[in-house]
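Let me begin by presenting the structure, written as structure tokens, before commenting on it.
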Amino acid sequence: MKKITISFFFIIISCSKSDKFNQEVDYIDDSISNQNWNDFIEYRQGNIPLIIISVHGGKLVPDWIKTRVCQDATVVTDLYTKEIALEIESNLKSMGYSPYIVLNRLHRKKLDLNRTLKKSNCGDMKTEAYWNLFHNQVDNFRNEIHNKFGTGLVIDIHGHSHKEQRIELGYLLSSSELRMDILKINSSNLKNESSVRNLLDNNLDNLKLSDLLSGEFSMGNLLTLKEHASVPSKDCIAPKEGELYFSGGYNTEVYGSKDNGSVDAVQVELNMNGIRDTEENRSVFSKNFADIIILFLRTYYVGDI
Ligand SMILES: [Zn+2]
């Protein structure tokens, strides 16, 4: 009798587990079979002049969107970057700050949202409406920040798999440009090529490009001081010749101030070891980066937040 009771309970537990699992799967299946693009985007309005974007951390792979197989299509996921974006948001919220958030849930196999429309989809125009939805949302938030705060910052979060385990901060300047001597770096031409042109054109402190890239209060130095090695930074002004480095993609180019507007952008490419690899490391980094973001915004954008 005892044995029978135990088996009976075991069956109940197994069934409830299996139901829960099925429900989760069904939910995902539903959301991706509806063909409702709103299921793929997560966005929230903020109360500080900061937009956090994550485009390569999505996991949904609906079969009604063709998998991208064309030449040069990168399809790898930037592991844990969506989770880190959410954890940064949650840390900021615990300090009373809500960043503007635009996150993508669709896998990069299906669409690359850090590319122009033409390069995003390997010719499958089915995703055009979603590409527009996502980018219009970022654009609307960027305009709202301009109108409300006058200036602001976009942080586009990615993950790289380069050998050097350090964060790569992209301001649209190449490794060889970062390696130039300080006088050349601070020449007006290079500043105008960067994603932080607006801040350099409009500040009361005679801020130079080199200050922003690798000075005391550069994002790279603030990260390095929290033991998250970064390039460019005071300790590592530029990648050495032959070392791989991401200088910023479509989002940094379009949502930064290189060509227009008062909102700047930085592409933040996170390494794996010590940052994305464990739950504890992701948590420590997200907390530190939230603190750095607020310090950075106070120093350069809005002194009174
Ligand atoms: Zn990426």
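Below is a table of values for the structure above.
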item: Residue within the stretch 67-74 that is buried (at least 23 other Cβ atoms within 10 Å of the Cβ), within 16 Å of the ligand (Cβ to nearest atom) and assigned by TED's automatic domain parsing to the domain that holds residue 126 present; result: no
item: Residues located in the stretch 271-291, provided they are under 17 Å from the mean Cα position of the chain (by Cα) and among the hydroxyl-bearing types (Ser, Thr, Tyr); result: 283, 286
item: Qualifying residues in the stretch 268-286 (those that are touching a strand residue (DSSP E or B) at 6+ places or on another chain (Cβ under 9 Å) and closer than 20 Å to residue 222 by Cβ) - the one nearest to the ligand (Cβ to nearest atom); result: 269
item: Neighbours by Cβ (under 8 Å, 6+ apart or cross-chain): first from the stretch 261-275, not assigned by TED's automatic domain parsing to the domain that holds residue 146; second part of a strand (DSSP E or B); result: none
item: Yes/no for residue 259 being touching a helix residue (DSSP H, G or I) at 6+ places or on another chain (Cβ under 6 Å) and farther than 18 Å from residue 79 by Cα; result: no
item: Test: residue in the stretch 224-247 that is assigned by TED's automatic domain parsing to the domain that holds residue 185, within 16 Å of the ligand (Cβ to nearest atom), within 14 Å of the chain's Cα centre (by Cα) and not basic (Lys, Arg); result: yes
item: Filter result for residue 200 (in the same structural domain as residue 103 (by TED's automatic domain parsing), more than 16 Å from the ligand (Cβ to nearest atom), modelled with pLDDT of 95 or more and not in a loop (DSSP other than H, G, I, E, B)); result: yes
item: Filtered residues of the stretch 268-297 (kept if within 18 Å of residue 89 (Cβ to Cβ) and in a strand (DSSP E or B)); result: 268, 270
item: Residue satisfying all of: in the stretch 168-202; polar (S, T, N, Q) and in contact with a helix residue (DSSP H, G or I) (Cβ under 7 Å, 6 or more places away or on another chain); nearest to residue 256 (Cα to Cα) among these; result: 195
item: Single residue of the stretch 248-267 satisfying the filter (in a loop (DSSP other than H, G, I, E, B) and not hydroxyl-bearing (Ser, Thr, Tyr)) that is nearest to the ligand (Cβ to nearest atom); result: 249
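The values are calculated or read from the model by the stated rules, or taken from the named source; none is laboratory data. Here the structure is a predicted model, which means the values were calculated and not measured. Positions of Cβ are backbone-derived with ideal geometry, glycine not excepted, and every protein chain shown enters the neighbour counts.
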